[in-house]
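Reading through the structure tokens given below for one structure.
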Amino acid sequence: MKMKTSYCASLTLLASLLTGTAFFAGCSDSGSSATQASSQNKGSAAERTYVAPGEKDEYYLFYSGGHSGQVFVAGLPSMRHLITIPVFAPSPGTGYGFDDESREMLGDFTWGDVHHPGLSKTDGMYDGRWLFVNDNANNRVARIDLRDFKTKQILGPIPNSSGNHGSSFVTENSEYLLVGTRFSVPLPMGRFAPVEDYADEFNGMVSGLKVDPESGDLSVGWQIITPPFNWDLGSTGKGPSSGWAFWTSYNTEMAHTKLEANASQRDRDYAAFVNWRAAEAAVKDGKADMLDGVPVIDPAKVPGVLYYVPIGKSPHGIDVDPSGRWIAASGKLQPTTTVFDFEKVQAAIDNKEFQAEFRGVPVLNYDVIVEGEVPVGLGPLHTQYDGKGNAYTSLYIESAVAKWKLPPWTDAEKANLEFTVLDKIGVHYNIGHLVIGGSDTRAPYGDWLVAMNKLSKGRHLSVGPSQPESSQLIDITGRKMEMVYESFTDPEPHFAQILKADMIQPIEVYPKAESNNPNAVWSLSDATYTREPGKVTAKVAAVRSQFGPDKITAEVGDTVVLHITNVEQTTDIIHGFAISGYDLNVIIDPGETKSVTFKADKVGVFPFYCTNFCSALHQEMQGYLEVKPASVTTASVD
Ligand code: RUQ
Ligand code: CUA
């Protein structure tokens with residue numbers, strides 16, 4: 001009962017914030033959660049989420065960390081935070097952004113804006129190899145290796161692109177990461193045109209980023225130039241829609257000021273339906289023009305790669321169901337989710353049933369391809385699927401999740417699509433994304449739904465005006481959804497992915513035998529230390545509980561290069577390396593070698609020490625960096 005009261009309170013509050021819209025119909029019984037009957041055989045909510053000491057969760061939950069630039073990993077159903085994977089921001093906890101290798105990856109950027117993680121797939125199913133994430137701010141994507149939960153590559157800035165929001169969507173066999181631009185700019189990049197000329201001089205871009213099937217390495221494949229529509233969310237096809245990808249746009253008006261009003265004028269915006277296989281073939285056939293080193297397709301000149309689809313007012317999410325036939329898209333400003341039938345889309349394309357053309361690109365006839373508009377509720381955003389014929393749409397304004405039945409519908413359901421809405425559950429507060437494990441695969445797990453709430457005020461002990469964010473865990477195995485748990489979530493969660501834990505076998509140590517780092521040293525006695533004029537190089541061994549060498553001598557102004565190997569071959573025995581007064585902290589996992597380069601810029605003696613607790617004698621694991629005044633003659637160091 002508590003739940004329902006707050007749910008209606010939130011609705012009333014939000015309603016009062018939005019002028020001229022009356023919508024008080026939502027506070028029905030459908031908002032209540034657990035039914036006694038279904039709880040009985042599954043155990044209490046506490047029992048279902050309790051993972052006893054020493055036991056492990058069944059799933060990994062990968063949250064995007066928004067403008068923290070990171071990815072957060074939790075266990076499911078316990079919702080316990082397991083690890084933070086730094087991606088676009090330095091993190092002293094793991095040494096990320098301090099050693100030479102990760103510093104080079106980050107370049108000059110210190111942050112990113114992670115929105116949509118995407119797991120790699122084989123044959124339309126997660127394969128547990130990589131997690132890709134986007135950076136909306138600085139137009140990049142990154143690849144995380146799931147063998148060690150570390151960022152291995154950052155690609156970007158993606159050429160000819162601004163605002164990499166509609167990203168990263170993985171194709172059925174991880175051939176591509178498909179991404180679309182949220183912002184538009186004059187192209188080529190760096191060209192000036194006044195913002196007043198937005199509609200004519202600015203362009204967006206949809207890009208195919210190629211994934212190397214062996215290494216997972218990303219490279220820019222091709223691009224399709226588009227009008228400045230503000231591409232928003234996307235997804236990739238499968239089954240009948242295999243080879244396709246879909247993005248919504250929220251600014252078909254092509255407004256450049258006061259978007260809140262000016263980009264919300266039309267009753268329908270356009271979605272982009274992109275045939276990426278056709279795009280790939282067109283590039284092979286030489287039908288693209290090079291722009292900043294990338295083959296760019298003009299869709300007006302290459303028919304068949306891009307179609308526009310009219311879609312509900314100011315849409316946000318667009319999600320393909322597990323069969324690949326049904327595509328649900330939600331307009332934030334209309335209380336329905338529109339379902340398109342891809343078989344009808346294909347037929348409309350084959351029969352050229354276009355209702356218009358926009359800048360040489362066909363606009364598909366809405367009435368011909370739409371299956372229905374499901375009245376899910378207010379402020380629908382994203383849709384996920386349970387693989388049992390049901391869809392779940394997040395309702396931002398209502399702070400609720402609606403469960404509804406996918407087509408095929410009976411005649412009675414079709415005549416009254418309200419009947420397809422099976423259940424509704426209140427969440428707190430203002431849900432954005434929601435996630436069901438495997439929703440974007442051929443076979444979702446279909447047991448848990450995680451709601452990621454945008455405002456969450458009052459859900460946890462207050463820590464000041466910036467209130468802790470929250471995620472809520474909903475059991476979707478029954479006819480009615482049941483709220484079972486709520487946990488703090490690091491800001492700022494956007495989308496997430498859920499993966500069965502047994503899909504990953506993380507490595508325990510980096511085997512010494514497989515190290516091909518030429519600077520690795522595997523014992524204290526092998527450690528080396530040389531100085532040539534202006535430069536000190538040391539190959540440092542770190543092993544419980546010593547560094548070798550434990551005295552490094554430089555002259556002021558020297559560049560110091562340290563290659564530090566953690567000699568350990570025991571899992572979880574980590575060594576760190578920090579120098580007092582120097583802004584660096586390198587963390588080295590067992591069997592790993594990391595390099596760090598810095599300038600010895602002041603005379604003095606600077607203790608260095610291990611920052612990661614590694615043994616009873618961890619505190620003793622220290623040494624000294626001596627920085628002498630500059631000598632006139634350069635002698636070699638003993
Ligand atoms: S968006 S709340 Cu950046 Cu994924 Cu929808
Ligand atoms: Cu090594 Cu602490």
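The values are calculated or read from the model by the stated rules, or taken from the named source; none is laboratory data. Model, not experiment: these values are computed from the prediction. With ideal geometry, Cβ positions are generated from the backbone for all residues, glycine too; neighbour counts draw on all protein chains shown. The area values use the complete protein model at the heavy-atom level, side chains included, leaving out ligands, DNA and RNA. Shrake-Rupley method; radii C 1.70, N 1.55, O 1.52, S 1.80 Å.
Using the eigenvalues of the Cα gyration tensor, what equivalent ellipsoid semi-axes result for region 378-521 when each is taken as the square root of five times the eigenvalue, whole Å, largest first? Write out the running numbers ahead of the final one.
Details: eigenvalues 254, 110, 27 Å².
Taking √(5λ) for each eigenvalue gives 36, 23, 12 Å, largest first.
Across region 512-628, how many lysine pairs, 8 or more positions apart or on different chains, have C-alpha atoms separated by under 28 Å? Please give the number.
Qualifying lysine pairs in region 512-628: 21.
For an R0 of 60 angstrom, estimate the FRET efficiency from the Cβ-Cβ distance between GLU373 and SER525 and round to the nearest 0.05. It would help to have the intermediate numbers written out before the result.
Numbers: r = 74 Å, r/R0 = 1.24.
With R0 = 60 Å, the Cβ-Cβ based efficiency is 0.20.
Add +1 for every Lys or Arg and -1 for every Asp or Glu among the other residues with Cβ under 10 Å from the Cβ of PHE577, and state the total.
0
Using a 10 Å cut-off on Cβ atoms, rank the peptides 206-218, 138-150 from the highest mean neighbour count down.
138-150, 206-218
How large a share of the accessible area of region 512-628, in percent, is made up of carbon and sulfur atoms when the probe is 1.4 Å and the other protein chains stay in place?
Values: 2550 of 5160 Å².
C and S atoms contribute 50 percent here.
Taking region 228-315 on its own, what percent of its Cα-Cα pair distances exceed 21 Å? Walk me through the numbers on the way to the answer.
Working: 1561 of 3828 pairs.
For region 228-315, the share of Cα pairs beyond 21 Å comes to 41 percent.
Taking every eigenvalue of the Cα gyration tensor of the chain, multiplying by 5 and rooting it, what semi-axes result, largest first, whole Å? Could you put the intermediate results ahead of the total?
Values: eigenvalues 454, 189, 93 Å².
Here the semi-axes work out to 48, 31, 22 Å.
Just add up the charged neighbours of GLU47: K/R +1, D/E -1, any other residue whose Cβ is under 14 Å from the Cβ of GLU47. Spell out each step's value before the answer.
Details: positive: LYS42, ARG48; negative: GLU55, ASP475, GLU482.
Around GLU47, the surrounding residues sum to -1.
Counting only protein chains, not ligands or nucleic acids, how are PHE109, PHE273, PHE606 ordered by accessible area (probe 1.4 Å), most first? List each step's numbers first, then the result.
Numbers: PHE109 75, PHE273 0, PHE606 25 Å².
Descending accessible area places them as PHE109, PHE606, PHE273.
Just the accessible area per residue of the chain, please: how many Å² with a 1.4 Å probe?
Numbers: 25540 Å² over 638 residues.
On a per-residue basis, 40 Å².
Taking the alpha-carbon set of region 512-628, what are its Rg and Dmax in Å?
13.3, 40
Taking 25 Å as R0, compute the FRET efficiency from the Cβ-Cβ separation of SER515 and ASP550 and round it to 0.05. Walk me through the numbers on the way to the answer.
Values: r = 23 Å, r/R0 = 0.90.
Taking R0 as 25 Å, the efficiency between SER515 and ASP550 is 0.65.
What trypsin sites (Lys or Arg not before Pro) does region 444-501 have in DSSP loop regions with at most 10 other beta carbons within 10 Å?
Details: sites: LYS454, LYS457, ARG459, ARG479, LYS480, LYS500; in loops: LYS454, LYS457, ARG459, ARG479, LYS480.
Answer by residue number: there is no such site.
Within the set of other residues whose C-beta is less than 11 Å from the C-beta of GLY112, count the net charge using Lys and Arg as +1 and Asp and Glu as -1.
Numbers: positive: ARG140; negative: ASP113, ASP135.
Charge balance in the 11 Å sphere: -1.
Lys/Arg Cβ at +1, Asp/Glu Cβ at -1, dipole of region 512-628 taken about the Cα centre: which of GLN619, PRO518, THR553 is farthest positive-ward?
It is THR553.
Treating only the Cβ of Lys, Arg, Asp and Glu as charged (+1, +1, -1, -1), what charge dipole size does the chain show about its Cα centre? Round to the nearest 20 debye.
Working: 53 positive and 76 negative charges, 170 e Å.
In debye, rounded to 20, the chain gives about 820.
Take the solvent-accessible surface of the protein heavy atoms, probe 1.4 Å, and return the percent of it on region 358-440 that carbon and sulfur atoms account for.
Working: 1270 of 2330 Å².
Carbon plus sulfur share of accessible area: 54 percent.
In debye, nearest 20, what is the charge dipole magnitude of region 253-303 about its Cα centre with +1 on Lys and Arg Cβ and -1 on Asp and Glu Cβ, if you could check? Walk me through the numbers before you get to the answer.
Working: 7 positive and 9 negative charges, 30 e Å.
It works out to roughly 140 debye.
Highest first, please rank the peptides 120-129, 288-297, 346-355 by the mean number of other Cβ atoms sitting within 10 Å of their residues. Don't jump to the answer; show the numbers that get you there.
Details: 120-129: 18.2, 288-297: 16.2, 346-355: 13.9.
Put in order of decreasing packing, that is 120-129, 288-297, 346-355.
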